[in-house]
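So the structure is just underneath, and the comments pick up after that.
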Amino acid sequence: MKPKEKLFGDISLFFNGKNSNHRFSSALFQEKLTDRSDAEYSLANVTGYNSIYSTLRADNSLHSVFKINRFSRFELQNAFNYYGRSKHTIKRNLVTGSEVPYRPEDQDTTMFTLFNSRGVYNYRNPAGKVGWTAGYDFARETAVGKRIPSELPGINDIAAFGSLEYSPNGEWQIRPSLRLLNNSRFGQPILTYIFGSRFKMAPLIPSLQVKCKFSEHVSFRGSYAKGFRAPSLKELNFYFVDINHIIHGND
């Protein structure tokens, strides 16, 4: 017998000012699964085992748009995500109703948190030939759990990016972009005489997009880009082995 309870909740709030718009969203998910074993009989007692799995997930975000003038605006987005899962196994005397924890080494609680912040400034003048975008990204991920080594810190991602859009005439649009990324765990150390090996830069991420409009019905698009993605804490450290799974993170 495995009864399961689930609770869902969502809320969104909007605020529109004279030169700004704001939206706050929050979503909550809670689940409780109880796994009751079959009764075990002996000459003295009747015993059962209850394994309780509790999951809580919360996602919160705030998105704001600020209109600076006719040609430019600034967008800001912040988000915080929490995920927690716990397992508790209880040995229950089905005659007296008394309960005690069963095999404390098997009790487990895992928590992951992720904070994101992103800001983007856009400038576009329909009458001009040049437009540009600049911004930043920041992410902080942490994890706590028996399956995750406690001596490992969280992971920080800090990035700055920019792109330039050049339209020499009505037919051509050229957009080069560049992204600089500092990842606290992966990358090549720079400025070692100041920071030692703590400050690491990931490879540069360039891109180039070109569009040519030959006529009202025919256009050509071409692009070139490179990419880099650092693994998450789950991919690095997660460990889950049971009768159906053998999952080992790769540090």
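The values are calculated or read from the model by the stated rules, or taken from the named source; none is laboratory data. In this text, all values refer to a predicted model and were calculated from it rather than measured experimentally. FYI the Cβ positions are ideal-geometry reconstructions off the backbone, even for glycines, and counts take in every protein chain you see. For accessibility, only protein heavy atoms count, side chains too; no ligands or nucleic acids. Shrake-Rupley method; radii C 1.70, N 1.55, O 1.52, S 1.80 Å.
Summary of computed values
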item: Given (1) over 22 Å from the mean Cα position of the chain (by Cα); (2) over 22 Å from Tyr123 (Cβ atoms); (3) part of a loop (DSSP other than H, G, I, E, B), number of the condition Asp251 does not satisfy; result: (1)
item: Check on Asn19, in contact with a strand residue (DSSP E or B) (Cβ under 9 Å, 6 or more places away or on another chain), open to solvent by 60 Å² or more (accessible area, probe 1.4 Å) and within 30 Å of Phe138 (Cα to Cα); result: yes
item: Residues of region 164-188 classified as outside any strand (DSSP E or B) and touching a residue at least 12 places away in the same chain (Cβ under 8 Å), total; result: 8
item: Number of positions in region 189-231 that are out of contact with any Leu (no Cβ under 9 Å at 6 or more places or on another chain) and either outside any strand (DSSP E or B) or under 30 Å from Asn169 (Cβ atoms) (or both); result: 26
item: Count of residues meeting criterion [of a type in the set (Asp, Glu) and at pLDDT 90 or above] in region 158-183; result: 1
item: Number of the condition not met by Arg140 [criteria: (1) under 27 Å from the mean Cα position of the chain (by Cα); (2) under 21 Å from Ser223 (Cβ atoms)]; result: (2)
item: Any hit, region 74-87, residues being in contact with a Pro (Cβ under 9 Å, 6 or more places away or on another chain), closer than 29 Å to Val144 by Cβ and open to solvent by 40 Å² or more (accessible area, probe 1.4 Å); result: no
item: Single residue of region 234-250 satisfying the filter (open to solvent by 80 Å² or more (accessible area, probe 1.4 Å) and within 16 Å of Asp108 (Cβ to Cβ)) that is modelled with the highest pLDDT; result: Lys234
item: Matching residues in region 193-219 - criterion: being surrounded by fewer than 10 Cβ atoms within 10 Å (Cβ to Cβ) and modelled with pLDDT of 90 or more; result: His217, Val218
